[in-house]
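The structure under discussion appears below in the form of structure tokens.
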Amino acid sequence: MIGLYINWDVDSEIINIGGFPIKYYGLLFAAGLLLSMSILKKIYKKENLNDSAHEALFLYGIIGIFVGARLGHCFFYDFDYYSKNIIEIILPIKKTITGTYKFVGFSGLASHGGTVGLIISLYLYSKKYKIKYLKVLDLIAIVAPLGAAFIRLANLMNSEMIGNPTTMPWAFIFKRVDTIPRHPAQLYEAIAYFIIFLVLVIIYKTKNITIGNGFYFGLAITLIFTMRILIEFVKINQVAFEEGMKLNMGQILSIPFILIGLYFTIRSSRNKEMS
């Protein structure tokens, strides 16, 4: 602690084995995914869906999320760089000043791209396993905020996506960035997403309201991306071109998701037979 503030000085790398780093980001990303899949297994059983469909969901999900998140970052946040270094979009390497490449892992993943990638991969999944598309989206939506929370905790461990300066007593001083007390924006998002997850689980378990397919999907993305817009106001900009913008790229990209979410939430509430 420095004063009343939290002195945050965590090395993002847990261990390095033969030049291959094991980082908190990858560990927490995997943990969130595995925990979500474990919860989904119980939901699949409750919905009378077979085990083979659940097992295949992991592969479709991880490919969709990862490919979408990677392309989203490269195209929306750092297109100028990656348009000149296309191989780095695909491989976890980075070109050094000497012209050689070194293994660095994938350091750029965008949640908006990951969401789009997941939605596309789930469409292919629903066709393959003959499950209604909106039903698949609903089931995934119940656990999606939990996975998102783990990713934000990973950002915290990396001391990235930090907040603006603040004098709040719970401020973090991210020593690997500077010595300024800042909003722990990653923690704000993680907590918000955990709460959204709990809300969705409670609604699903109690079923106190009658709804049609698409409700959980709509509610999840509405709440997730509304919180994303709000928390971005206390977060530093991720890229230089966002300086001077009233809404940054993360906020702008969140608006279409909120509109889509509201559409499905309202429509499914009105049409209980929606499929």
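The values are calculated or read from the model by the stated rules, or taken from the named source; none is laboratory data. Everything quoted here is computed from the prediction, not taken from an experiment. Because the Cβ atoms are built from the backbone with ideal geometry, glycine has one as well, and the counts that use them run over all protein chains shown. In case anyone asks, the SASA skips ligands and DNA or RNA and just uses the protein heavy atoms, side chains included. Shrake-Rupley method; radii C 1.70, N 1.55, O 1.52, S 1.80 Å.
General observations
- Within segment 193-244, tally of residues that are modelled with pLDDT of 90 or more, on the phi < 0 side of the Ramachandran plot and part of a loop (DSSP other than H, G, I, E, B): 3
- Hey, ALA190 modelled with pLDDT of 90 or more, in contact with a Leu (Cβ under 7 Å, 6 or more places away or on another chain), in a helix (DSSP H, G or I) and more than 13 Å from ALA144 (Cβ to Cβ) or not: yes
- When segment 33-47 is limited to residues that are of a type outside the set (D, E, K, R) and surrounded by fewer than 14 Cβ atoms within 10 Å (Cβ to Cβ), the one that is nearest to LEU59 (Cα to Cα) turns out to be LEU34.
- Count of residues meeting criterion [within 22 Å of the chain's Cα centre (by Cα), closer than 23 Å to SER111 by Cβ, part of a helix (DSSP H, G or I) and not β-branched (Val, Ile, Thr)] in segment 44-95: 19
- Note on segment 51-81: residues that are more than 22 Å from VAL116 (Cβ to Cβ) and modelled with pLDDT under 85 total 1.
- Residue within segment 220-229 that is of a type in the set (Lys, Arg) and within 18 Å of VAL143 (Cα to Cα) present: yes
- Against the list (1) over 27 Å from ASP138 (Cβ atoms); (2) open to solvent by 10 Å² or more (accessible area, probe 1.4 Å), the condition THR206 fails is (1).
- Hits in segment 130-173 (condition: among the hydroxyl-bearing types (Ser, Thr, Tyr) and on the phi > 0 side of the Ramachandran plot): SER159
- Residue check, TYR123 at pLDDT 75 or above, surrounded by 14 or more Cβ atoms within 10 Å (Cβ to Cβ) and closer than 20 Å to ASN155 by Cβ: no
- Filtered by the rule that a residue be charged (D, E, K, R) and exposed (fewer than 13 other Cβ atoms within 10 Å of the Cβ), segment 162-180 gives a lone residue, ASP178.
- Residues satisfying the stated conditions in segment 53-79, i.e. without any contact (Cβ under 8 Å) to a residue 40 or more places away in the chain and open to solvent by 40 Å² or more (accessible area, probe 1.4 Å): GLU55, PHE58, LEU59, ILE62, PHE75, PHE79
- With respect to being modelled with pLDDT under 95, of a type outside the set (Lys, Arg) and under 17 Å from the mean Cα position of the chain (by Cα), LEU247 falls outside the description.
- Annotation note: of LYS41, LYS23, the sole residue that is basic (Lys, Arg) and over 27 Å from ALA110 (Cβ atoms) is LYS41.
- Flag for ALA110 being touching a His at 6+ places or on another chain (Cβ under 7 Å), modelled with pLDDT under 85 and of a type in the set (A, V, I, L, M): yes
- Scanning segment 80-90 for residues that are touching a strand residue (DSSP E or B) at 6+ places or on another chain (Cβ under 8 Å) and not acidic (Asp, Glu), we see that the one that is least open to solvent (accessible area, probe 1.4 Å) is ASN85.
- Filter result for ARG228 (basic (Lys, Arg) and open to solvent by less than 30 Å² (accessible area, probe 1.4 Å)): yes
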